[in-house]
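In what follows, a structure is listed as structure tokens, so that the remarks can point back to it.
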Amino acid sequence: MIKPPYEPEFIGTVTKYVFVDSPNTTPQSLAVRAYEISDGVMIKETCFGMMITGTEEEVNAIITKLREIDPHHIFVKDRGFPPGDIRRCRANLGGARPGYYGHEFEMSLIRYVSKGLEAADSPQSADEQPTTVRDMKHEAGPLEVERLMTIIQEEEQ
Amino acid sequence: MADVFIYPSTSLILSDLVQRYGHTPLNVAVQIREHIQTPSIESPPLQMTPEDPKKGLKYAAVEVPSGVRGRMALFGPLIEQAEAAIIVNDADLAFGCQGCARTNELIKFLIREKSATIPVLDITYPRNDDEGIEFVREIKTFLEGLGGETS
């Protein structure tokens, strides 16, 4: 039996993932904002953010505007396949989508990167002397109660 | 604006930071996209063309696992195109079968071999806030050293 010729879809488009991990912005609110400015570009909502498919200019314009909402907590990367592609979509394959585990691993570390981005953009960071983890001397011993209370209060703010 | 190869090549964190600081991340998604949007591709769903193993042979001999040659057909041209590289060393997410594991070793070897001619940053993933601050600062300093504008 002769196979039908391969017909690619979405030629000339790019697809980008937008991830959000923020105490102030939910994937849903980000998606709503994306729909407002999408102007017909394809957007697929996901649990972690969304996928945007369109021409490179359109996608970059939307991403630039979305980043303004929460610049330190929104992350973007390219995707090779368009959303719903039968070779990757878990609706056809079952189980987790290939690539999911990589995202799961990095999303567990992304809050530290957000912290780093905040520090890099804070005005005082330019005055601080660069420190490296190797040089940091963490005091040995149990965490003091006062210090723990301070950390909890900082997190709650 | 420089073309910066990132390892792991699917890394969200590296891809975002490179783009954020005004450069082009060379990740494998771009290569995959080119492949699947080409009408002449002959064997979906594998996304391989007869030319790909030949490209891979440039980087890996016939004795190595065939998966390495197939993967190197995607990674090899990116490494050649790279004007700088960032390697994260403790990337558990890049773990895989023999093809993936050997390809990862070969990629790191080729990048380190190329480090005489292009700048390479070797780092590890952050595990706490302090390391996160240092992680971003190191990457920012490295990327600003390459020129370009912050987006």
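Only the coordinates and a few stated rules stand behind these numbers; no lab work does. None of these values were measured; they are calculated from a predicted model. With ideal geometry, Cβ positions are generated from the backbone for all residues, glycine too; neighbour counts draw on all protein chains shown.
A straight Cα-to-Cα reach below 20 Å connects B:Lys108 with the lysines B:Lys55, B:Lys58, residues fewer than 8 places away in its own chain not being considered.
How well do other chains shield peptide B:116-126, expressed as the mean number of their Cβ atoms within 10 Å of each residue Cβ?
Values: counts 0, 0, 0, 0, 0, 0, 0, 0, 1, 6, 8.
The shielding value for this peptide is 1.
Distance from the alpha carbon centroid of the stretch A:9-73 to that of the stretch B:92-151 works out to 26 angstrom. When only alpha carbons of chain B are considered, Rg and Dmax amount to 16.0, 49 Å.
Within a straight-line Cα-Cα reach of under 13 Å, A:Lys16 can be paired with the following aspartates and glutamates, leaving aside sequence neighbours fewer than 8 residues apart in one chain: A:Glu45, A:Glu56, A:Glu57, A:Glu58, A:Asp78, B:Asp16.
Farthest toward the positive end of the dipole of chain B, out of B:Met1, B:Phe75, B:Ala61, is the Cα of B:Ala61, where the dipole comes from beta carbon charges about the Cα centre.
Here the convex hull built on the C-alpha positions of the stretch A:27-107 has a volume of 100 cubic angstrom per residue. Ranked for footprinting exposure by Cβ neighbours inside 10 Å, fewest first, A:Tyr101, A:Tyr17 give A:Tyr101, A:Tyr17. Mean per-residue shielding of peptide B:15-28 is 3, counting Cβ atoms of other chains within 10 Å of each Cβ.
The charge dipole of the stretch B:3-144, taken about its Cα centre with unit charges on the Cβ of Lys, Arg, Asp and Glu (plus for the first two, minus for the last two), comes to roughly 440 debye.
Note down the magnitude of the dipole of the protein assembly as shown about its Cα centre, charges +1 on Lys and Arg C-beta and -1 on Asp and Glu C-beta and zero elsewhere, to the nearest 20 debye. Write out the running numbers ahead of the final one.
Details: 31 positive and 47 negative charges, 294 e Å.
Dipole about the Cα centre, nearest 20: 1420 debye.
Seen from a random direction on average, the alpha-carbon convex hull of chain A projects onto 14.9 square nanometres. Placing dummy labels 7 Å off each Cα toward the beta-carbon, the span from B:Thr117 to A:Lys44 is 3.9 nm. The Cβ shell under 11 Å around B:Pro65 holds other residues with a net charge of +2, Lys and Arg each +1, Asp and Glu each -1.
In the stretch B:49-142, which GluC sites (Glu not before Pro) are in a loop and have at most 11 other Cβ atoms within 10 Å, using DSSP for the loop call? Before the final figure, lay out each step's value.
Working: sites: B:Glu51, B:Glu63, B:Glu80, B:Glu83, B:Glu105, B:Glu113, B:Glu131, B:Glu134, B:Glu138; in loops: B:Glu63, B:Glu83.
Those satisfying the criteria are B:Glu63.
If the viscosity is 1.567 mPa s and the temperature 4 °C, what Stokes-Einstein diffusion coefficient in µm²/s follows for the protein assembly as shown when Rh is the Kirkwood radius over Cα pairs? Write out the running numbers ahead of the final one.
Details: Rh = 21.1 Å.
For the chosen part, D equals 61 µm²/s.
Of B:Ser9, A:Ser114, A:Ser108, A:Ser22, how do they rank once you tally other Cβ atoms within 10 Å and put the fewest first?
A:Ser108, A:Ser22, A:Ser114, B:Ser9
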